[in-house]
Amino acid sequence: MEISTVGTVGRQRRTAPAILYFDASGAAGLTRGFLLTGMGLVLWLVLGIAITTWYDRRGLDRMQPEVLDYMNRSAAAYAEGASQPPPPR
């Protein structure tokens with residue numbers, strides 16, 4: 001089995017001809033393309049939520065607090081019209 005038939009590219013390669021050349025019929029592969037695309041979306045959403053929940057329950061920071069503070073101060077300085085960002089602390 002080719003790698004491209006497993007991923008998103010493979011799904012697109014099966015779905016596009018069904019739409020372009022076969023009047024978007026399910027028998028031409030449109031149903032399978034949409035089904036696999038939907039399954040991929042659900043899989044990655046569930047995996048992303050599970051990893052984020054695990055990360056949060058361990059008490060890990062998604063971003064270093066110092067970096068987040070600097071970004072907030074930079075955004076505030078930009079909103080006020082400052083020409084230079086604030087220096088890091």
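Each value in this text was obtained by applying a stated rule to the coordinates, not by laboratory testing. Everything quoted here is computed from the prediction, not taken from an experiment. We place every Cβ from the backbone using ideal geometry, glycine too, and count neighbours over all the protein chains shown.
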Item to check | Stretchable slack from Val42 to Val67, in nm (0.36 nm times residue separation minus alpha-carbon distance) | outcome: 5.8 nm
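Tally Lys and Arg at +1 and Asp and Glu at -1 over the other residues with C-beta under 12 Å from the C-beta of Thr52: what net charge comes out?
Computed value for this residue: +2.
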